[in-house]
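What follows is a short report on a single structure.
The values are calculated or read from the model by the stated rules, or taken from the named source; none is laboratory data. Here the structure is a predicted model, which means the values were calculated and not measured. Glycine gets a Cβ as well: all are built from the backbone with ideal geometry, and neighbour counts include every protein chain shown. In case anyone asks, the SASA skips ligands and DNA or RNA and just uses the protein heavy atoms, side chains included. Shrake-Rupley method; radii C 1.70, N 1.55, O 1.52, S 1.80 Å.
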Amino acid sequence: MSFYEEYLKFKNMNFEKFFDGITKGDVLRVLGQPKLNEYDLLTLLSPAARSHLEEMAQKAHSLSVQHFGKTVLLYTPMYLANHCVNRCSYCGFNVENNIVRKKLTLEEIEKEAKTISATGLRHILLLTGESRKESPPSYIIEAVKVIKKYFDSISIEIYPLTEDEYRKVIKAGVDGLTIYQEVYDEDIYDKVHIAGPKKKYKFRLDAPERACRAKIRNVNIGSLLGLNNWKKESFFTGLHAKYLQDKYSHVEVSISLPRIRPHAGSFGDIYPVDDKSLVQIMLAFRLFLPRVGLTISTRERQELRDNLIKLGVTKMSAGVSTEVGGHSSSSKSDSQFEISDKRSVEEVRKAIASKGYQPVFKDWMHI
């Protein structure tokens, strides 16, 4: 049993027909319920719900404070390498893109870690391009051994691993996994992943569960908003998060809401996701899964990020560079995508505090 079986239950559903039948009364009924099912989630993602965002926001705020308090955890990504073997039409690291490729040595990794640690951050997210040859699990493990001297929590956002490989990186000090399915629709997935190991839909889909079985502490999933109709993709993302939360109670499950940003190369077949739609998605997730973490990255502009804090955000990136060695090296690589919020860690900290929330630099440690 895997999430794929859950996906198949709704794969051929006529979503538009369902949405056409939703009324404002249906939305208000869902808002009055203490516990929601998958059809309630769809109702909150429907066009009819757009006129009730204020009521959704009030309930989402209340649930967020109840389960998380007025806190926002801060982290930043550290790019270790950008070598990639995949041909993904939407990514700047596409193997066919003519960009500057780079991989940090252990000495450069330590320098980067020291620079980031000096900002006060204690949660780090390690990223590489998807190349087992250039960034094998052994390289990740050696990097973690260096980095854990400076950070209390280390997450990875790399290619999917086997369950045994997840156990090995967890033993080395990794406690979190971020992995996006990118797009749940199998046909679109096949289309945008032109070639490379990432073309294996099910192997990627089951990666979060393999990490859960390997006893990871937290898992962060999501779809890349813009590759497909956002209502459908958000629905499957919510179902996936619920599946993991229900089956692996020891794991802290979070959802990210990344929208496509400009990058090297070109990808024009984009389904628009405006700010109002992004807000609706976030509110629907919070009402459907009150305990799920919600992450907003620097893909979004600072004004929007600041306004989303009270609507359920539990984790934000700060002081971000999407270049390999971008925090400390004078010889940088090309970036994966353009960021919108270029504020420093201190500036983001002040913005969170100005909203009456506590910016959290460290929320746990190994003992």
Task: Unique residue being under 18 Å from ALA60 (Cβ atoms), touching a strand residue (DSSP E or B) at 6+ places or on another chain (Cβ under 7 Å), assigned to a strand (DSSP E or B) and in contact (Cβ under 8 Å) with a residue 60 or more places away in the chain when the list is MET282, MET316 - done: MET316
- [ ] Output the residues belonging to the range 8-48 that are of a type in the set (Ser, Thr, Tyr), open to solvent by 20 Å² or more (accessible area, probe 1.4 Å) and free of Cβ contacts under 8 Å to residues at least 24 places away in the same chain.
- [x] TYR39
Open item on the list: I need the strands (runs of 3 or more DSSP E) fully contained in the range 180-258, keeping only those with at least 1 residues that are among the aliphatic types (A, V, I, L, M) and within 16 Å of the chain's Cα centre (by Cα).
Closed with: 218-221, 252-256
Open item on the list: Scan the range 155-170 and tell me whether some residue there is outside any helix (DSSP H, G or I), modelled with pLDDT of 95 or more, in contact with a helix residue (DSSP H, G or I) (Cβ under 6 Å, 6 or more places away or on another chain) and not aliphatic (A, V, I, L, M).
Closed with: yes
Open item on the list: Can you tell me which condition ARG87 does not meet? The list is (1) open to solvent by less than 70 Å² (accessible area, probe 1.4 Å); (2) closer than 25 Å to TYR201 by Cβ; (3) touching an Asp or Glu at 6+ places or on another chain (Cβ under 7 Å), and all the others hold.
Closed with: (1)
Open item on the list: Take the conditions in contact (Cβ under 8 Å) with a residue 60 or more places away in the chain, of a type in the set (S, T, N, Q) and open to solvent by less than 10 Å² (accessible area, probe 1.4 Å) and apply them to THR76. Does it pass?
Closed with: yes
Open item on the list: If LYS362 satisfies all but one of (1) more than 28 Å from VAL95 (Cα to Cα); (2) modelled with pLDDT of 85 or more, what's the number of the condition it fails?
Closed with: (2)
- [ ] Would you point out which residue out of LYS231, LYS200 is among the basic types (Lys, Arg), open to solvent by 20 Å² or more (accessible area, probe 1.4 Å), on the phi < 0 side of the Ramachandran plot and in contact (Cβ under 8 Å) with a residue 60 or more places away in the chain?
- [x] LYS231
Task: Flag for LYS133 being in contact with a helix residue (DSSP H, G or I) (Cβ under 9 Å, 6 or more places away or on another chain), of a type in the set (Lys, Arg) and over 18 Å from GLU323 (Cα atoms) - done: no
- [ ] Please tell me if GLY238 is buried (at least 21 other Cβ atoms within 10 Å of the Cβ), small (Gly, Ala, Ser) and in contact with a helix residue (DSSP H, G or I) (Cβ under 8 Å, 6 or more places away or on another chain).
- [x] yes
Task: Residue identified as open to solvent by less than 10 Å² (accessible area, probe 1.4 Å), touching a residue at least 24 places away in the same chain (Cβ under 8 Å) and within 25 Å of LYS350 (Cβ to Cβ) among ILE140, ILE156, ILE116, ILE109 - done: ILE116
Open item on the list: Is it the case, given these coordinates, that SER62 is loosely packed, with under 15 Cβ neighbours inside 10 Å and under 21 Å from LYS310 (Cβ atoms)?
Closed with: yes
